[in-house]
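Read the structure below first, then the notes.
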Amino acid sequence: ATSGARVRTPFMSGHEAPLAYAAARGFRAVDLPYRNSTLSMLVVMPSAGTLAGFEHSLTAGSIAALSQSLRPTIVDLRMPRFHLIARVSLSSTLSALGMPVAFTPRADFSGMTRDERLHISAVLHETFVAVDEHGTEAAAATAVVMGATSATVPQVQVYVNRPFLFVVHDVQHGTPLVLGRVE
């Protein structure tokens with residue numbers, strides 16, 4: 001909990017498995033590959049009480065560096081089951097990033113249709129992430145609403161029992177796709 005209070009939550013514990021793992025001063029991390037996919041979920045548990053500072057220090061470069069520091073390790077992983085849905089309106093963000101005209105009657109979407117003048121009335125984004133004993137699942141969708149107008153492997157135990165971050169990323173390119181926080 002954000003207040004620091006203890007919260008009881010259902011945990012899952014798998015059997016020991018070879019996973020990519022890293023530990024350094026300030027965090028422990030384990031990468032959970034998605035079955036039959038080029039995606040993976042990196043779970044990062046910062047030291048107790050440092051989640052906010054750790055999260056603010058993250059950049060695409062630091063996530064890539066963290067991913068590159070992972071090494072094959074036999075991991076006894078125990079972590080909470082969780083299911084998150086985030087719904088965000090991106091209209092004001094996109095307007096501030098340089099496309100304000102698209103949200104006004106001055107917008108020119110004549111390449112899509114000339115039957116009526118269109119403008120964007122809303123951009124809605126939803127992200128879904130679920131983690132349980134059967135694996136992890138993630139999906140994201142954005143809707144634009146138009147309006148008329150091999151050596152010896154070490155072994156560790158990772159017990160994710162405090163607030164943590166996760167990054168769903170493309171393994172081949174290291175591209176972060178979803179970043180989340182569980183408190």
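The values are calculated or read from the model by the stated rules, or taken from the named source; none is laboratory data. Predicted model only: the values in this text are computed from it and were never measured. When we count neighbours, we look across all protein chains shown, and the Cβ atoms used for this are built from the backbone with ideal geometry, even at glycine. The area values use the complete protein model at the heavy-atom level, side chains included, leaving out ligands, DNA and RNA. Shrake-Rupley method; radii C 1.70, N 1.55, O 1.52, S 1.80 Å.
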### Query
THR104 versus (1) open to solvent by less than 60 Å² (accessible area, probe 1.4 Å); (2) within 26 Å of the chain's Cα centre (by Cα): which is the lone unmet condition?
(2)
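Residues checked against (1) surrounded by fewer than 13 Cβ atoms within 10 Å (Cβ to Cβ); (2) in a loop (DSSP other than H, G, I, E, B):
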site: MET41; (1), (2): no, no
site: ALA48; (1), (2): yes, yes
site: SER62; (1), (2): yes, no
site: ILE74; (1), (2): no, no
### Query
Which ones in the range 50-60 are open to solvent by 50 Å² or more (accessible area, probe 1.4 Å) and not small (Gly, Ala, Ser)?
THR50, HIS56, THR59
### Query
Within the range 176-183, is even one residue open to solvent by 40 Å² or more (accessible area, probe 1.4 Å), over 23 Å from THR73 (Cβ atoms) and at pLDDT below 80?
no
### Task
Give the residues of the range 58-95 that are touching a strand residue (DSSP E or B) at 6+ places or on another chain (Cβ under 7 Å), over 15 Å from PRO33 (Cα atoms) and small (Gly, Ala, Ser), sorted by residue number.
ALA60, SER69, ALA86, SER89, SER91
### Query
Taking the range 76-87 as the region of interest, how many residues are open to solvent by 80 Å² or more (accessible area, probe 1.4 Å) and either out of contact with any Ser or Thr (no Cβ under 6 Å at 6 or more places or on another chain) or of a type outside the set (Lys, Arg) (or both)?
4
### Message
I'd like to verify a number: residues in the range 163-173 that are in a loop (DSSP other than H, G, I, E, B) and exposed (fewer than 15 other Cβ atoms within 10 Å of the Cβ), how many?
### Response
2
### Query
Out of curiosity, is GLY26 open to solvent by 50 Å² or more (accessible area, probe 1.4 Å), on the phi > 0 side of the Ramachandran plot and of a type outside the set (Val, Ile, Thr)?
no
### Query
From the set of residues in the range 25-54 that are farther than 16 Å from SER67 by Cβ and among the basic types (Lys, Arg), which is nearest to the chain's Cα centre (by Cα)?
ARG35
### Query
Has the range 138-145 got at least one residue that is modelled with pLDDT of 75 or more and either more than 11 Å from the chain's Cα centre (by Cα) or surrounded by 14 or more Cβ atoms within 10 Å (Cβ to Cβ) (or both)?
no
